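Written out below as structure tokens is the structure these notes cover.
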Amino acid sequence: MRERGYMNREIINVKLVEEDGTDYLVFYFADDDLFKLNLNSEESQNELKKLFCKLLSRLIENDLSLEFQENKEYSKKLYIDIFEEYISDLNKEITQVREKIRIE
């Protein structure tokens with residue numbers, strides 16, 4: 001078996017934002033693509049699945065990591081605490097998946 005090397009490292013910035021009373025977790029991808037996860041929607045679980053698919057497809061080609069970024073304009077401390085930890089856990093999951101797919 002040989003180990004697959006990644007050509008690119010992609011850092012995806014993640015921020016909590018509020019727009020018109022709706023809370024979003026926004027993922028800013030390197031190619032100016034963004035993914036807005038509506039945290040107040042009943043469809044957020046389905047949107048989360050789409051996000052996972054997007055992350056996995058990028059992980060196949062790139063070494064990636066998520067960076068939770070503070071948004072001084074966002075004031076919901078509970079969401080900040082929850083999603084800061086969530087992004088940390090998601091990075092751990094990405095690392096585990098990356099190790100599994102590196103070996104062909």
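The values are calculated or read from the model by the stated rules, or taken from the named source; none is laboratory data. Everything numeric here is computed off the predicted structure, so don't read it as measured data. We place every Cβ from the backbone using ideal geometry, glycine too, and count neighbours over all the protein chains shown.
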Requested in this report: Could you run through the stretch 40-74 and say how many residues are among the hydroxyl-bearing types (Ser, Thr, Tyr), free of Cβ contacts under 8 Å to residues at least 24 places away in the same chain and either surrounded by fewer than 12 Cβ atoms within 10 Å (Cβ to Cβ) or within 27 Å of residue 9 (Cα to Cα) (or both)?
Outcome: 1
Query - Cross-chain or 6+ apart pairs with Cβ under 9 Å, the stretch 1-24 first and closer than 16 Å to residue 97 by Cα and surrounded by 10 or more Cβ atoms within 10 Å (Cβ to Cβ), then charged (D, E, K, R) and modelled with pLDDT under 85 - result: 4/102; 4/104; 6/61; 6/102; 10/31; 10/61
Requested in this report: Identify all residues within the stretch 62-104 that are at pLDDT 95 or above, of a type in the set (Asp, Glu) and in a helix (DSSP H, G or I); write none if there are none.
Outcome: 81, 84, 85, 89
Query raised in the report: Which of the residues belonging to the stretch 75-95 are over 14 Å from the mean Cα position of the chain (by Cα) and surrounded by 15 or more Cβ atoms within 10 Å (Cβ to Cβ)?
Result: 79, 80
